1. What is the percent of Cα-Cα separations in the stretch 57-195 that go past 20 Å?
2. Just want to confirm a number: the relative contact order over the stretch 314-504, from Cα pairs under 8 angstrom separated by 6+ residues, in percent.
3. Using only the heavy atoms of the protein chains and a 1.4 Å probe, how would Glu61, Glu186, Glu346 rank by accessible area, largest first?
4. Over the stretch 314-504, with the other protein chains present, what is the accessible area per residue in square angstrom, probe 1.4 angstrom?
5. Starting from the Cα of Leu496, step 7 Å along the direction of its Cβ; do the same at Val324; then give the gap between the two resulting points in nm.
6. Which whole-percent values make up P(r) of the stretch 322-461 when all C-alpha to C-alpha distances are grouped in 5 Å steps starting at zero?
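The values are calculated or read from the model by the stated rules, or taken from the named source; none is laboratory data. Remember, it's a predicted structure, so these values are computed and weren't measured experimentally. Cβ placement follows ideal geometry from the backbone for every residue including glycine, while neighbour counts extend to all protein chains displayed. These accessible areas exclude ligands, DNA and RNA; they are computed on the full protein's heavy atoms, side chains included. Shrake-Rupley method; radii C 1.70, N 1.55, O 1.52, S 1.80 Å.
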Amino acid sequence: MYASREDIGYDSGENSEVRSKPIKTNTNVDGGWAWIIVLSSFLVHILIMGSQMALGILNMEWLEEFNQSRGLTAWVSSLSIGITLIVGPFIGLFISMCGCRTTAIIGGLLNALGWILSAYASNVHYLFLTFGVTAGVGSGMVYLPAVVMVGQYFQKRRALAQGLSTTGTGFGAFLMTALLKYLCIEFGWRNAMFIQGAISLNLCVCGTLMRPLSPKDAVSEKHVLRSNSEDHQAKAPSHSAETIKSNGVLSEEVEKKEAAKNEEVLDSVQPTEIGGKTRSKRNMYGLSILKTARQLAVTVRKGFAIWYSSYFGAASLFTNRVFVAFIIWALFAYSSFVIPFIHLPEIVKQYNLSSQNNVFPLTSIIAIVHIFGKVILGIISDLPCISTWNVFLMGNFTLVTCILILPLMQAYISLAVVCALIGFSSGYFSLMPVVTEDLVGTKHLANAYGIIICANGISALFGPPFAGWMYDITHKYDFSFYISGLLYMVGIIFLLLQPCIQKKQPREKSAEGAQV
């Protein structure tokens, strides 16, 4: 039976010396500026994930404007949502080379540019490039640093900090739905997207707040982690480059040797090049360019080595049969959560419930209850007598049941009840990092969770277009919910066919990978 922590090769850590060693290096770790980082991440979740959950409003406007099929139009929203998650591993390369702050600022500019350019769209295919790809990549470049920075600034309160920051998704979905609806009514969808693009420039402000830890703090933290690694041969994952180096990806000693070698080469070139006084300035200028180019090459190679080892050096994960089943589950699960956000506004319109939905949109009900679902399910799974695995499965069963019965509801009250259940049960997303840790262990958690996020992105990419394509064929959304629900059930069955956690194991709960 797989799932005990002893079976995957690391202890529970209750009496571990790791916890007795102080990781906190100054007031900015677990306090001080760390809470500004949480605020920044919270705003990022509002502006990115919240806006994506409100795209159903714009989807209706695009259908009326361009008069294209629902399947084709839905690709705009699904590209934006899917690419945000899929590019996560590749954005890690930019973080390794440029840092979180620079990556987030560039991403904020790119996201705003995607929104603004989309205001001038002449067809749906134009939106594929401007909104789906440009805004989607920009969102990914801000979203990942927002999660990573919280992990770097917090040690003791990491779960609390990540939990607070990710609640921005629910608040954002509620606020952005109301905002986009108001802007579309008052100014039209084109001006609404232009205004939203201007609002998205605040992502650059959020990125500016992502102040990196000082080198002194980083060195102190790295020293503590290395000491713990030597004593216990395992440690909690961190997205920072210092933690990756301490795992042996690229040792500091090797970097120093390479830097010394580069300096020797450049110093040997200098007296040869600067032979005459008349050519001194020109040669010094050329030498500085050469030195900068070599340093840039070292930085790129270093960043690529860290990135490659972090995301593609985990081939052994795929030998874990249960983890492979978890990936299959992820490929089907997230689309069932995204489809209602994209297509519910049009479903309500077909049922002639627009007047009631305008008072309190169904997507806002999902978003608000989703916040409470994350908190309550997290508290329940923290109870010593409750298995996180069982809570995770119960959340899945409830969500898939709601997806299957949603087409049967045609009154606003019944739809509101089902949407509330969808929002609450989908709170199990906050348990995904804990379940992933049980499957692969702490050592591979970061890599494994990155793969799961990618699978969720693929699911979000194809889910809404599939639902729109089914409507084009059957003139109903019913079959899209039935088929996506059945596929979701297949993913759950894959999980049930594997050995599962039978006994509660002592561990620290973590909400730090909460996605939505």
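1. Of all Cα-Cα pairs in the stretch 57-195, 53 percent lie more than 20 Å apart.
2. Over the stretch 314-504, the number comes to 41 percent.
3. Per-residue accessible area, sorted high to low, gives Glu186, Glu61, Glu346.
4. Accessible area per residue: 37 Å².
5. 2.2
6. Whole-percent P(r) values from 0 Å outward: 2, 10, 18, 20, 19, 13, 9, 5, 3, 1, 0.
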